[in-house]
Amino acid sequence: MKKTVTLGAVMAVAMLAGCGGDADMAHQRNKVGVPDCSHLSSGPISKTSGTAAEGRPMPDVGLQCLGEGPTVSMARATSKGVTLVTVWASWCRPCRSESPLIADAYRRYHDRVAFLGVDYAESDASEAISFAGEVGLAFPQLQDPDSTIRGAWQVSGVPVTFIVRDGTIVTRHSGQWRSQQELNSAIDKALERPS
């Protein structure tokens with residue numbers, strides 16, 4: 001009986017690791033506190049187009065979980081409630097400077113706002129995972145090594161933050177947030193329901 005339970009537990013862990021991608025990357029993500037993103041909406045990517053501007057729908061792109069895993073539909077992932085999407089790179093100094101503000105906002109708002117990170121234009125997933133863990137981005141992270149969002153979201157540099165409510169971009173902020181108050185005010189604005 002004990003062998004059966006142990007074998008069942010080992011198989012369950014192996015299946016869960018498979019859902020989150022490569023076991024080594026999953027271990028590295030867990031070690032630094034970056035959660036798996038296999039729970040996010042995957043499936044076909046819609047053929048949306050348009051500008052990633054305030055008041056417009058979030059253009060859909062498919063981005064893979066950082067360090068292997070499913071491809072996530074960004075339009076679906078941002079379609080319900082308020083979602084903050086931060087676009088960063090480990091080689092970006094302003095991203096490093098801004099990350100404590102993003103991490104603090106996550107701690108403050110995580111029960112009311114979904115947070116997603118996008119590692120931009122970087123081919124080394126392990127370096128990106130280390131960076132995310134080091135700076136406290138303890139929420140699901142996706143990767144865009146081929147700069148897909150450059151065209152789809154008109155991203156020409158990082159950091160960039162999108163705050164999306166029910167699939168529509170409420171705030172698009174290019175560059176580093178100047179203060180915690182500035183970032184929190186943008187999130188509070190998105191949480192307010194229009195009358």
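The values are calculated or read from the model by the stated rules, or taken from the named source; none is laboratory data. Every value quoted in this text rests on a predicted model; they were computed, and no experiment measured them. Note that we place each Cβ from the backbone using ideal geometry, even for glycine, and neighbour counts take in every protein chain shown.
Set side by side, the residues 170, 118 differ, and just one is β-branched (Val, Ile, Thr) and surrounded by 22 or more Cβ atoms within 10 Å (Cβ to Cβ), which is 118. Would the stretch 138-158 turn up any residue that is of a type in the set (Ser, Thr, Tyr), farther than 23 Å from residue 68 by Cβ, at pLDDT 95 or above and more than 16 Å from the chain's Cα centre (by Cα)? Checking the stretch 138-158: not a single residue is of a type in the set (Ser, Thr, Tyr), farther than 23 Å from residue 68 by Cβ, at pLDDT 95 or above and more than 16 Å from the chain's Cα centre (by Cα).
The number of residues in the stretch 71-81 that are surrounded by fewer than 20 Cβ atoms within 10 Å (Cβ to Cβ) and not polar (S, T, N, Q) comes to 4. Only one of (1) under 20 Å from residue 172 (Cα atoms); (2) crowded, with 16+ Cβ neighbours inside 10 Å; (3) modelled with pLDDT of 95 or more is not met by residue 90, so which one is it? For residue 90, the failing item is (1).
Of the strands (runs of 3 or more DSSP E) lying entirely inside the stretch 85-195, those containing at least 2 residues that are out of contact with any Gly (no Cβ under 8 Å at 6 or more places or on another chain) span 113-120, 160-165, 168-174. Selection of the stretch 73-84 for residues being assigned to a helix (DSSP H, G or I) and of a type in the set (D, E, K, R) yields only 76. Taking the criterion of being on the phi > 0 side of the Ramachandran plot and touching a Pro at 6+ places or on another chain (Cβ under 7 Å), the only residue of the stretch 145-174 that qualifies is 167.
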